[in-house]
Amino acid sequence: MAPPHQPPAPVQDPASVQPQAPAQDPAPVQDPAPGPAPTPVKKDRRVLRAALRWTAAVVVFAVAGAGTAYGIAAMKRTDVPGLATQADGRWDYPTLVKAPLPSGSPEPFAEDNTAGAHYADLRELVLPAPEGAVQDKKLRGKDGWLATKDFLAEYAPGSARDDLRQEFVDDGLRHIAARGWTTPDGTRTRVYLLQFGTAEVVDDLFSHEAPIDGPRQQLRGTEGSVFDTDFPAEAHDHNVEYSVYIEKRPRGAEQTRQGYLSAGDVLAVIVQSRKGGAKAVPFRQTVALQSELLG
């Protein structure tokens, strides 16, 4: 993966959360009710791909209690080079708290959760809109679930988009949760979480759709995107693989940034567009916060 930026805006832990020291992996918890054994994740392959993408590991949140509910604590602004001032362009997001897990269910990256499953409600894991943003009602879907065709509308029409639709069918796409908003400076953000059966499926899809040399699928209205080598390694959770791209010149009046996150059984797609140029800081912040919610 490539070196990821500036971490997210500071957020406070809920008063009820007693953070523990960051750890490389969440502590194992009791498995949910017995059921069919999930397909193991091919961790050796994931480690190799992470190395190729220049992934740097950093823990940016604290886990509390049995892991059924835990707050996210960001790195201090003054601890990050280039983000020492208040006027750095970050958006003001609400305090983030991960959705509670069903009783007895493991966290997505617990050692005994070999499928990398997110047992929390996926709709509650989508990053909320920042303060002052106008939400896109079209992305709310029905009961919080977005139709596959509405997600695919992000991509340029043609055979490639049709192939992607069939790939989702073949890979057993379960559902999509999404949220979109527009900030006062005109930046349009869309966040999509696509959930599949296992982390292995997402790992393969991520490698296919989000290689380092550029996204396999071009977004609607873009001319061409390349890997953003300036993206800082600190801007994502250490359990999450990422590929981030920026639209290159020549381009139209609007510039687009896009990111793909591979997080267990969830593939996240983040898109930001803005006339005149999509800013780096809010995009990096959005990627970082969404990865923490999924990590």
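The values are calculated or read from the model by the stated rules, or taken from the named source; none is laboratory data. For clarity, every value in this text was computed on a predicted model and none was experimentally measured. Positions of Cβ are generated from backbone atoms using ideal geometry, with glycine treated the same way; all protein chains shown enter the neighbour counts. To get the accessible areas, we keep the full protein, side chains included, count just its heavy atoms, and leave off ligands, DNA and RNA. Shrake-Rupley method; radii C 1.70, N 1.55, O 1.52, S 1.80 Å.
Data table
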{"item": "Distance (nanometres) between label positions extended 7 Å along Cα→Cβ at Asp170 and Gln135", "result": "3.6"}
{"item": "Other-chain or far-sequence residues with amide H under 5 Å of Glu241's (modelled H)", "result": "Ser262"}
{"item": "The stretch 142-295 - charge dipole about Cα centre, Lys and Arg +1 at Cβ, Asp and Glu -1, debye rounded to 20", "result": "920"}
{"item": "Relative contact order of the stretch 174-295, defined on C-alpha pairs under 8 angstrom at six or more residues apart (%)", "result": "28"}
{"item": "Net lengthening on full extension, Trp145/Asp185 (0.36 nm per residue, minus Cα-Cα)", "result": "11.6 nm"}
{"item": "Built amide H within the under 5 Å cut-off of His175, gap 5+", "result": "Gln195"}
{"item": "Prolate/oblate/rounded label for the stretch 149-295 (Cα gyration tensor, a/c 1.5)", "result": "oblate"}
{"item": "Label point 7 Å beyond Cα of Asp230 along Cβ direction - residues of the stretch 263-295 with amide nitrogen under 18 Å", "result": "272-288"}
{"item": "Above-threshold pairs, the threshold being 23 Å between Cα atoms, out of Lys149/Lys279; Lys142/Lys279; Lys138/Lys275", "result": "Lys149/Lys279; Lys142/Lys279"}
{"item": "Linear extension gain, Arg216 paired with Lys248, 0.36 nm per residue minus alpha-carbon span", "result": "10.0 nm"}
{"item": "Peptides 230-236, 212-218 ordered by average Cβ neighbours within 10 Å, highest first", "result": "230-236, 212-218"}
{"item": "Glu124/Asp162 FRET efficiency (R0 30 Å; Cβ-Cβ; nearest 0.05)", "result": "0.40"}
{"item": "Fraction of accessible area attributable to carbon and sulfur, the stretch 132-290 (%, probe 1.4 Å)", "result": "48"}
